[in-house]
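Asker: Quick one: this structure, given as structure tokens, is what I'll be asking you about.
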Amino acid sequence: MRTLEGTVALVTGASSGIGEATALALAAQGANVAILARRRDRLDALGEKVRALGVGALTIEADVTDAAQARDAIARTVAEFGRLDTLVNNAGVMLLGPIVGAKTEEWDRMLRLNVSALMETTHAALPHLLEAATKEPRQVADLVNVSSVAGRVARAGIGAYNATKWAVNAFSESLRQEVTKRHVRVALIEPGAVATELASHNSPEIQGLMAQRFGNMELLQAEDIANAIVYVVTRPRHVAINEVLVRPTEQEA
């Protein structure tokens, strides 16, 4: 029996990178998976890959920065599969640059997706996670928030992104203290540099600076972070992994 058989997971930001790899890794452990993102073509292709692993897949084209769409995604998942055992809040955006002279609309974009959407999706999911934690097959549920090393180490030039990830870390720890005795585990996954599309959202100048810092480094792959998430959610009921910091071996900070 695969570890997550009989359970249901929802992964946000699932159309590429860490989200896509995580959806497949959870499916490989036997979970039925709801995959949420804005890019329908990629969702459909991923849904076929998930089903090929012998589990159910629900594709949800949605923008989680719209609270109503986030709540509807949770409701659709429960309506389709009857429960929700695991939520992976992976959707996020990284827009780097100095605070002085910043485009504050980029701050707003990060706050809406990295913080507000994560909080809204979590709020909608919590009643179902708490219920799943009382039921077989595992009698435990998991909330995994994908943060960043930027949630631990502040650096010049990434202050607004730092702020969003520190917010995720604080929210997660507070919630953990609220629900841990009810067997809902809250985990932070904090990746360092990962080879995904995340950096491509930045200006050519910022991308050039990132290439100078990371260009000769062997970066993490999305599957490395997915493996960490699977490790967290497949622990026995009495074991909670609350925080996982994963850097490339060559990354100093």
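Asker: Which residue, 128, 238, 183, tops the fluctuation ranking in a GNM of the chain built on C-alpha contacts under 10 Å?
Answerer: Per the Cα network of the chain with a 10 Å cutoff, 238 tops the list.
Asker: Excluding residues fewer than 8 places away in the same chain, name every one of the aspartates and glutamates whose C-alpha is closer than 14 Å to that of residue 49.
Answerer: Here the aspartates and glutamates satisfying the reach criterion relative to residue 49 are 20, 41.
Asker: Compute the Kirkwood hydrodynamic radius of segment 1-134, taking the inverse of the mean of 1/r over all pairs of distinct Cα atoms, and give it in Å to one decimal.
Answerer: 15.1
Asker: Peptides 199-207, 6-14: what's the order by average Cβ count within 10 Å, highest mean first?
Answerer: For the peptides 199-207, 6-14, the packing ranking is 6-14, 199-207.
Asker: Taking only Cα atoms of the chain, what ratio of Rg to Rh do you get with Rh as the Kirkwood inverse-distance radius?
Answerer: In the chain, Rg relative to Rh is 0.95.
Asker: For segment 114-134 and segment 183-230, what is the separation of their Cα centres, given in Å?
Answerer: Computed from Cα coordinates, the inter-centre distance equals 24 Å.
Asker: Pull up the cross-link candidates among the lysines for residue 135, meaning alpha carbon to alpha carbon under 25 Å and not fewer than 8 places away within one chain.
Answerer: Cross-link targets: 181.
Asker: Can you compute the FRET efficiency between residue 40 and residue 71 using 1/(1 + (r/R0)^6), with r the Cβ-Cβ distance and R0 = 22 Å? Round to the nearest 0.05.
Answerer: With a Förster radius of 22 Å, E is 0.65.
Asker: I would also like to ask the following. If I fit a long axis through the Cα atoms of helix 67-81 and take the longest principal axis of the Cα atoms of the chain, what angle between them do I get, 0 to 90°, rounded to 10?
Answerer: Taking Cα atoms only, the helix is inclined about 30 degrees.
Asker: Using only DSSP helix segments of four residues or longer, with each worth -39500 (n - 2.57), what per-residue ellipticity at 222 nm results for the chain after dividing by its residue count and rounding to 500?
Answerer: -13000 deg cm²/dmol
Asker: Taking the 0 to 90 degree range and rounding to the nearest ten, how far is the long axis of helix 159-179 tilted relative to the main principal axis of the chain, both from C-alpha atoms?
Answerer: Once rounded, one gets 20 degrees.
Coordinate-derived values only; no laboratory data. Computed from a prediction, not measured in an experiment: that's the story for all the values here. In this analysis, Cβ positions are derived from the backbone assuming ideal geometry, glycine residues included, and neighbour counts consider all displayed protein chains.
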